[in-house]
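What follows is a short report on a single structure.
The values are calculated or read from the model by the stated rules, or taken from the named source; none is laboratory data. From a predicted model like this one, the values you see are computed outputs, not experimental measurements. Positions of Cβ are generated from backbone atoms using ideal geometry, with glycine treated the same way; all protein chains shown enter the neighbour counts.
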Amino acid sequence: MQKGLVSVFRLALVCLVVFASFGGIAARLVHLQVFERDELVSEVERARKRVRILHARRGEIRDSNGNLLAVSRPVVQVGVDPHSVRVEDEPMLPHLAELLGLPVEKVVEAFNRKTVTSSDGRRVRQVRWVKLADGVSEETYEDIMLLGIKGVYGNRQYRRTYPGGSLAAHIIGYINRENTAVMGVERYMDFYLRGQDGWREQERDGRGGELAQFRGREILPRDGYHVVLSIDSVVQHYVEAELRRIVDKFDPVGATIIVSDPKTGYILALANHPTFDLNSYNTADIASQRNRAITDIYEPGSTFKIVAASAALDLGLVNPQTTFDCSLEAVSRRGRLQRLPGDTHHYESLTVAEIVAKSSNRGAAHLGILLGENRLYQYARAFGFGQETGFAFGGEVAGILHPVDKWDGLTITRLPMGHAVGVTPMQIHSAMAAIANDGVLMRPQVSRRIIDRDGNIVAEFQPIERRRVVSRETAREMAHLLMGVCAPGGTAPKAAIPGFEVAGKTGTTQKIIDGRYSRSHHVGSFIGFFPASDPRLVISVIIDDARLSGTAYGSTVAAPSFKAIGEKLIQYLGISPVAAPPVGSLAGGPDNFSLNRDRIR
Amino acid sequence: MRTDRQTDSGSFGGSVLLLTIALICYAGGIGFAAVWLRHEISVTANNIKVLEQKIADVQRRVDEAAAEVAEARSPENLIRLNQELGLNLVQPDERQVIRITENVERRLAAKRFDRLFTSTPTPPDGGRTRQR
């Protein structure tokens, strides 16, 4: 028989030791896993597990040519762990302070702030992070890292920057320090731009570093979409350069210039004075952040005459050659003498074409009386006055257009010349654009499309027709009459661009100061379009309280700017002159306005 | 003297001990395999993390470059460069522009065919009209 290797006693002893060892381990496991489980688990989770937010990158705002107007730029928040600093690094602190642009004392103080006492003075907490500087560029951060100071490190974050500075500031808007979209496209398109943050369950080691192998569930972030605007940076620049020239020359209280495509309603440029730099919005006052094109109302003056003239033509009450006696100071109406407003020049008989070209207040009053209160009011509403244009940015006001039952006896003669009504620059711009667009009122828009990071179109904003205001024939006839304004003998020959048909209307309004019309404070404006036969651009120039000797007529302060911008845009956009067809040969099929016109009749 | 019974029990004990050692080796092997797998998972996870950080870094640099390019291309900056570099670039005005209203392709084709099929050369200006 084979001899056994060990005795039974020894075997039993080994087994006992093994079982005793396992028993001891099992007992300890039971103790840890059952009796102390809750406490230990919570401690572990507190120390190791955390849910990290994965921030989505905000989308860019681009102009119509793809140029960046707003972009998120990576910056670094630099700080120090005071408990990790070494004595031998102290000579480096002046260099660090220089790179961060901070006083050396402040850096030294941050390095020595090792504890912080609670507000009640009872607890002292270890400080593991003291912020030194925000918004440090990658380049500077690399230089800081080269210093090799232990304990100094940075957290990367994205900050919104605006490469154009003040370019299209009122359109683009900005993001504040709290990452909240405050105004403009940034706010209105925030839903598309901001993207969606993700999150990840992860565990940390004793030094706070992530243990990548213990990553749990995660939802990846979805970066924001890019927003493409109809704004053209070059057009915007031309407009802002012209605005600066106006400010240098006339030092106005405010000014607005709008350029748009009448056929689509897309805004190519919109600029206001005063304005501000989007990169330093926190130093700009609230007044300069206001988008005056939609928030400020003013009496439009003679530019509003397009309403009465278009309405009278559209209803067939007059034709361009219909004559009115503009020498009369009053006319009999409903058995009473109705006083007519005065003109700057004395006129005898004027045709409708001359009333528009010479901007006769009295002639406009005649047209208003001919229309009557209801039809004048309805056409003014149809042109979009007294209601928001739908320009989708916060703060737009509806303007003032009182219903007929609130009119006084003078309103019927004052409204046609642009008094007793309050409009925003965008409203009067849209109304003129309706004339340029064959009588169709478009919604002014700035957003063209939303695209993802690969350039795929996510959403597109098509032109939106609000309604037909006047018939195509009337609109073209009106455009023809408005060409007379810029012709010799009209009120704004300074707006004429040689070789091009320019149509437009001047406006000069006395401002109301202390409840009375002032003789020294005016709002001068010129709203026009070209080429009149096939309009490509509508340009509005509105200048509030230009300072110059004499009256700040729209023809003096605004019309030359219209011309200057127009000449630049002709070259930039490659606009060709268009030969005007005779007014009598206007083509055009039946349109849906006949019903509307009958209703107004 | 050892009895047969003692010899049998010793043999059984030896077998149990061998089996135990084999089991321990087997379990140890599994343990080592598990540890090795965990190690590989850690290494791979850390590699992925490093790659993710690299991608984020590249994205950051791309964003940084995009912002710098946008600033460099802003109209204000281009105008400043135009002045600083003395390029004297200006926008053309209408007087410098000649607008050709005819169909240039047709005119050039006609000119070419004239030369091919006739001996009469076309006038140098091709009979084009100009409009300013």
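Taking the criterion of being more than 14 Å from every other protein chain (Cβ to nearest Cβ) and buried (at least 22 other Cβ atoms within 10 Å of the Cβ), the only residue of the stretch A:54-79 that qualifies is A:V78. Exactly one residue out of B:E76, B:E84, B:E52 is within 12 Å of chain A (Cβ to nearest Cβ), loosely packed, with under 12 Cβ neighbours inside 10 Å and within 30 Å of A:T140 (Cβ to Cβ), and it is B:E52. Right, A:G154: part of a strand (DSSP E or B), over 30 Å from A:R244 (Cβ atoms) and within 34 Å of the chain's Cα centre (by Cα) or not? Criteria met by A:G154.
Flag not set for A:V235, criterion: within 26 Å of A:R194 (Cα to Cα), touching a Leu at 6+ places or on another chain (Cβ under 8 Å) and in contact (Cβ under 8 Å) with a residue 40 or more places away in the chain.
Okay, residues lined up against (1) buried (at least 24 other Cβ atoms within 10 Å of the Cβ); (2) touching a Gly at 6+ places or on another chain (Cβ under 8 Å); (3) under 19 Å from A:R536 (Cβ atoms):
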residue	(1), (2), (3)
A:T413	yes, yes, no
A:P416	yes, yes, no
A:H419	no, yes, no
A:A434	yes, yes, yes
A:I457	no, no, no
A:E465	no, no, yes
A:R468	no, yes, no
A:A475	yes, yes, yes
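A Cβ distance below 6 Å, combined with a sequence gap of six or more or placement on separate chains, defines the contacts here; from the stretch A:73-98, residues that are of a type in the set (K, R) reach residues that are not in a strand (DSSP E or B) in the pairs A:R73/B:A67; A:R86/A:K150. For A:V51, the conditions (1) of a type outside the set (D, E, K, R); (2) surrounded by 18 or more Cβ atoms within 10 Å (Cβ to Cβ); (3) modelled with pLDDT under 90; (4) assigned to a strand (DSSP E or B) all hold with the exception of (2).
For B:E102, are the conditions met, namely being touching a Ser or Thr at 6+ places or on another chain (Cβ under 8 Å) and either surrounded by 11 or more Cβ atoms within 10 Å (Cβ to Cβ) or at pLDDT below 90 (or both)?
Working: touching a Ser or Thr at 6+ places or on another chain (Cβ under 8 Å): yes; either surrounded by 11 or more Cβ atoms within 10 Å (Cβ to Cβ) or at pLDDT below 90 (or both): yes.
Yes: the conditions hold for B:E102.
Within the stretch A:544-575, being within 14 Å of chain B (Cβ to nearest Cβ), part of a loop (DSSP other than H, G, I, E, B) and either over 20 Å from B:R99 (Cα atoms) or in contact (Cβ under 8 Å) with a residue 40 or more places away in the chain (or both) holds for one residue alone: A:I575.
Of everything listed in (1) of a type in the set (V, I, T); (2) loosely packed, with under 13 Cβ neighbours inside 10 Å; (3) at pLDDT below 90, the single unmet condition for B:T7 is (2).
Looking only at the stretch A:287-331, filter to residues that are without any contact (Cβ under 8 Å) to a residue 24 or more places away in the chain and not polar (S, T, N, Q); which one of those is nearest to A:I258 (Cα to Cα)? Of everything passing the filter in the stretch A:287-331, A:A287 is nearest to A:I258 (Cα to Cα). So, A:S84, is that one at the interface with another protein chain (Cβ under 10 Å from one of its Cβ atoms), surrounded by 11 or more Cβ atoms within 10 Å (Cβ to Cβ) and either touching a helix residue (DSSP H, G or I) at 6+ places or on another chain (Cβ under 6 Å) or under 30 Å from A:A212 (Cα atoms) (or both) or not? The answer is no for A:S84.
Per-residue answers, yes or no, for (1) within 36 Å of the chain's Cα centre (by Cα); (2) within 20 Å of A:H429 (Cβ to Cβ):
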position: A:F191; (1), (2): yes, no
position: A:E201; (1), (2): no, no
position: A:F214; (1), (2): no, no
position: A:D223; (1), (2): yes, no
position: A:L229; (1), (2): yes, yes
position: A:V235; (1), (2): yes, yes
position: A:E242; (1), (2): yes, yes
position: A:D248; (1), (2): yes, no
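Of the numbered criteria (1) more than 19 Å from A:I294 (Cα to Cα); (2) touching a residue at least 24 places away in the same chain (Cβ under 8 Å); (3) out of contact with any His (no Cβ under 8 Å at 6 or more places or on another chain), the one A:K358 fails is (3). Modelled with pLDDT under 90 and in contact with a Ser or Thr (Cβ under 6 Å, 6 or more places away or on another chain) - does that describe any residue in the stretch A:218-232? There is no residue in the stretch A:218-232 that is modelled with pLDDT under 90 and in contact with a Ser or Thr (Cβ under 6 Å, 6 or more places away or on another chain). Given the structure, is B:A67 closer than 22 Å to A:G66 by Cα, within 9 Å of chain A (Cβ to nearest Cβ) and either under 23 Å from the mean Cα position of the chain (by Cα) or in contact (Cβ under 8 Å) with a residue 24 or more places away in the chain (or both)? So B:A67 passes the test. Against the conditions (1) in contact with a strand residue (DSSP E or B) (Cβ under 6 Å, 6 or more places away or on another chain); (2) in a loop (DSSP other than H, G, I, E, B), A:A479 satisfies every one except (2).
Tell me, please, whether a residue that is in contact with a Pro (Cβ under 9 Å, 6 or more places away or on another chain), of a type in the set (D, E) and either part of a loop (DSSP other than H, G, I, E, B) or in contact (Cβ under 8 Å) with a residue 60 or more places away in the chain (or both) can be found in the stretch A:195-202. Spell out the reasoning first.
The first filter runs over the stretch A:195-202 and keeps only residues in contact with a Pro (Cβ under 9 Å, 6 or more places away or on another chain), leaving A:195-199.
In the following step, the residues that additionally are of a type in the set (D, E) were identified as A:197.
Checking the rest, the ones that are also either part of a loop (DSSP other than H, G, I, E, B) or in contact (Cβ under 8 Å) with a residue 60 or more places away in the chain (or both) come to A:197.
Yes, that holds for at least one residue.
Scanning the stretch A:162-179 for residues that are at pLDDT below 90 and either β-branched (V, I, T) or over 30 Å from A:R244 (Cα atoms) (or both) gives A:E178, A:N179.
Only residues that are within 14 Å of another protein chain (Cβ to nearest Cβ) and touching a helix residue (DSSP H, G or I) at 6+ places or on another chain (Cβ under 7 Å): list them for the stretch A:230-249, please. The answer is A:I231, A:S233, A:V234, A:V235, A:H237, A:Y238, A:V239, A:E242.
The rows are residues; the columns are (1) among the aliphatic types (A, V, I, L, M); (2) closer than 19 Å to A:I61 by Cβ; (3) crowded, with 20+ Cβ neighbours inside 10 Å.
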site	(1), (2), (3)
A:H170	no, yes, yes
A:G184	no, yes, yes
A:D190	no, yes, no
A:G195	no, yes, no
A:G208	no, no, no
A:F214	no, no, no
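I'd like the full set of residues that are surrounded by fewer than 15 Cβ atoms within 10 Å (Cβ to Cβ), out of contact with any Lys or Arg (no Cβ under 9 Å at 6 or more places or on another chain) and assigned to a strand (DSSP E or B), limited to the stretch A:127-145. Listed by number, the list holds a single entry, A:K131.
Quick check: anything in the stretch A:507-516 of a type in the set (A, V, I, L, M), buried (at least 24 other Cβ atoms within 10 Å of the Cβ) and at pLDDT below 95? Talk me through it step by step, then tell me what you get.
Filtering the stretch A:507-516 down to residues of a type in the set (A, V, I, L, M) leaves A:512-513.
Among the residues that remain, those that are also buried (at least 24 other Cβ atoms within 10 Å of the Cβ) are: none.
No: the stretch A:507-516 contains no residue that is of a type in the set (A, V, I, L, M), buried (at least 24 other Cβ atoms within 10 Å of the Cβ) and at pLDDT below 95.
Scanning the stretch B:55-64 for residues that are facing another protein chain (nearest Cβ under 9 Å) and not acidic (D, E) returns B:A56, B:Q59, B:R60, B:R61. Working only within the stretch A:6-48, note down all residues that are within 14 Å of another protein chain (Cβ to nearest Cβ) and not in a helix (DSSP H, G or I). A:V6, A:S7 - these are the residues of the stretch A:6-48 that are within 14 Å of another protein chain (Cβ to nearest Cβ) and not in a helix (DSSP H, G or I).
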